[in-house]
1. Is at least one residue of the stretch 40-49 among the hydrophobic types (A, V, I, L, M, F, W, C), without any contact (Cβ under 8 Å) to a residue 40 or more places away in the chain and out of contact with any helix residue (DSSP H, G or I) (no Cβ under 8 Å at 6 or more places or on another chain)?
2. Please count how many residues of the stretch 28-39 are surrounded by 10 or more Cβ atoms within 10 Å (Cβ to Cβ) and either at pLDDT 90 or above or assigned to a loop (DSSP other than H, G, I, E, B) (or both).
3. Which is outside any loop (DSSP other than H, G, I, E, B), exposed (fewer than 10 other Cβ atoms within 10 Å of the Cβ), at pLDDT 85 or above and out of contact with any Pro (no Cβ under 6 Å at 6 or more places or on another chain), of Glu46, Glu7, Glu42?
4. Name the single residue that is modelled with the highest pLDDT among those in the stretch 49-61 being surrounded by 10 or more Cβ atoms within 10 Å (Cβ to Cβ) and part of a loop (DSSP other than H, G, I, E, B).
5. Identify all residues within the stretch 10-21 that are within 27 Å of Lys55 (Cα to Cα) and surrounded by 12 or more Cβ atoms within 10 Å (Cβ to Cβ); write none if there are none.
Amino acid sequence: MAKRKREKRYYKYSCTLTGDTYKLTEKIDNTDDLVSVNAYYEMNPEKDDRPLVIKKQLGLDIEEES
């Protein structure tokens with residue numbers, strides 16, 4: 001007997017700060033806390049551990065540490 005392929009459900013959510021929309025495969029209970037990665041790093045710059053190459057590609061102001 002052949003197996004049936006499971007149908008994936010997609011849910012659309014938007015960032016509360018930037019308004020960007022995202023498509024996820026899981027349903028989220030509390031959508032008020034959703035923020036994009038860029039918005040999170042803008043709110044918490046001390047936790048920004050992305051490599052310098054990524055920051056340059058995004059066009060962020062970079063303060064190089066000596």
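The values are calculated or read from the model by the stated rules, or taken from the named source; none is laboratory data. Note that the structure is predicted; figures quoted are calculated from it, not measured. As a convention, Cβ positions derive from the backbone with ideal geometry for all residues, glycine included, and neighbour counts pool all protein chains shown.
1. Yes: one or more hits.
2. Looking only at that region, the number is 4.
3. Glu46
4. Checking each candidate, the answer is Arg50.
5. Tyr13, Ser14, Cys15, Thr16, Leu17, Thr18, Asp20
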